[in-house]
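Here's the structure, in structure tokens; my notes come after.
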Amino acid sequence: MINKNKLKKIAGYFKSKKMATQLFGNYIIFLIILIAIFMLTIFTLLFYLSFNNKNSSKDNTTAEYIINQNYKGINVSNFIKYKGYVEVLDKNLVIVMENGSKHAVGFKYAQKYYHDMINNNLKDGYFYSSKYGYNKNSILITAMPNSIFDTYIWGLEHKQQLEEDSKFSIRVPTFLQVFPFIIFIFLLSTMVLYSKFTSMIFVKPLKKLLKGVNTFKNGEYSARVEINSLNEIGQLKDAFNLMAEKIQQERLLREKAEHNRKRMILDISHDLKNPLTSILGYSEFLLENNDISLDAKNRLLKVINNNSRRANDLIQDLFEFSRIESTEYKLDIGIHDMGEFLRELIAGYVPMMEQQGVKYKFDITEDEVDISFDRKNLDRALSNIILNSIKYNNAGITISIKLLLVDDTAVIIIEDDGVGIDKEFQGDIFEPFVRVDATRNSKTGGTGLGLAISKAIIEKHGGNICLAQNINNGCKFIIKLRDH
């Protein structure tokens, strides 16, 4: 059985990384086929000629074809019929057998006469041919009349053969006349089939690639091309699939951005509508009623003030989010001690935690962790996470903040054991206007932009933030900032 590794190696060759190499290999194979056809042709011709010389019917009109090991058994009927004769000479040119000859047995030819005779220089009306016996101990001489009448009868059948024999040429049979055409047709068919096979190696994958391009052009952005090839066409396939994947991703991102934009407009409209409606309603009520008591007026003014703050906070957060998301926004980066920064940040929230009945636990390394970051913006990002833990949970929870240094990366973990976040929100928690509470006008008064702003700021620093699974329920945010 053929080794599978060898088959894989051969298959890998036909899927070469270079089309030039593949074409060169194909040409080498075609050259081998041509040489094989040429050798087959030569061997066929040699075999045919050898077989034909051994098995063709012997013509008994020349010495070459009627020679026999036993010269007494030679058939001389054709010579007698056309007034010719046959002689057998020994090596001394003495006649040892004759039939129809004008010379008797025992006659010895002179050397010059014999030479002129076998070369047909005697001009005596006969055409001579001669042939040595098998052991060169005898010479067979045949003579046929060369007269007009006898040549007309005999020459129609034998003269062409005699002339060719005298020139030592071989008569070309019908098979040899047809054989070159057979070889030509076979060669032409081989060339056509092989060129078809070679073109399919390139045309078939190109058709697949063109089909994929047309499908993609018609709006089917999920179209991919599958071509099992390692040459330039395979590289083109990889480039096309990569391009198609990027375009599809960009299209999905564009659709998602458009969806988010529409949702953001609806959310902004919704979040602004409630406070503005309250402001407008209560302000009109105050303007239309002058007999309101001072306490009632103050209560209404307080409601108007609170709703004005809510609307202002929303507008400020929206402005901040848009500003940070802008590609033109630049951070005020400096090298600071991350441990000291976190201790200062946490110290500002300890009174609020104690007032809300929130427990706290901090694990900040005393070693210097010098990291490049923007103090003001990172304060905003981390504060949003801490404030969410305080606002969205009841008293009695524990907020834990840790700082680790892992391979030149500052890892900040902000964790609580509160109510946590439902799984349906976890994938979109960092999107704008996504809030865990079902009602948008909840008592927390959040704008839904806090975590989106936090993520944008951290990513501006070249870091990342994620919501990890917490075995104690609650939320666990992991922020990683690498020093640059």
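The values are calculated or read from the model by the stated rules, or taken from the named source; none is laboratory data. Quick caveat: nothing in here was measured; it's all calculated off a predicted structure. Glycine also receives a Cβ, built like all others from the backbone with ideal geometry; neighbour counts cover every protein chain displayed. Side chains are part of the model used for accessible areas, which takes the heavy atoms of the whole protein and leaves out ligands, DNA and RNA. Shrake-Rupley method; radii C 1.70, N 1.55, O 1.52, S 1.80 Å.
A few notes on this one:
- Segment 356-399 versus segment 255-317: alpha-carbon centroid distance in Å: 30
- Heavy atoms of E354: accessible area, 1.4 Å probe, square angstrom to 10: 110
- Spacing of the modelled spin labels on N120 and I42, each 7 Å from Cα toward Cβ, amounts to 3.5 nm.
- The listed residues C475, C466 rank as C466, C475 when sorted by accessible area, largest first, using a 1.4 Å probe.
- Radius 14 Å from Cβ of I399, net charge of other residues (Lys, Arg +1; Asp, Glu -1): 0
- Accessible surface comparison of F321, F47, F184, probe 1.4 Å, protein chains only, largest first: the order is F47, F184, F321.
- Convex hull (Cα only) mean projected area of segment 289-414, reported in nm² to one decimal: 11.4
- FRET E, pair N26, L253, Förster distance 41 Å, beta-carbon r, rounded to 0.05: 0.35
- Against the criterion of solvent-accessible heavy-atom surface with a 1.4 angstrom probe, T398, T409, T21 sort, most first, into T21, T398, T409.
- Heavy atoms of D238: accessible area, 1.4 Å probe, square angstrom to 10: 80
- Peptides 74-80, 251-257, 375-381, ordered by how many other C-beta atoms sit within 10 Å of their residues on average, highest first, read 375-381, 74-80, 251-257.
- Once both labels are positioned 7 Å from their Cα atoms along Cα-to-Cβ, the gap between S269 and V406 label points is 4.4 nm.
- Local electrostatic count at S372 - Lys and Arg +1, Asp and Glu -1, tallied over other residues with Cβ under 13 Å: -3
- For L40, the accessible area of its heavy atoms, probed at 1.4 Å with every protein chain present, is near 100 square angstrom.
- Length added when fully stretched, L187-F285, from 0.36 nm per residue minus Cα-Cα: 24.9 nm
- A simple spin-label model places the labels of E325 and D295 4.7 nm from each other, with each point 7 Å out along Cα-to-Cβ.
- On the basis of the beta-carbon distance and an R0 of 30 Å, K204 and I35 show a calculated FRET efficiency of 0.60.
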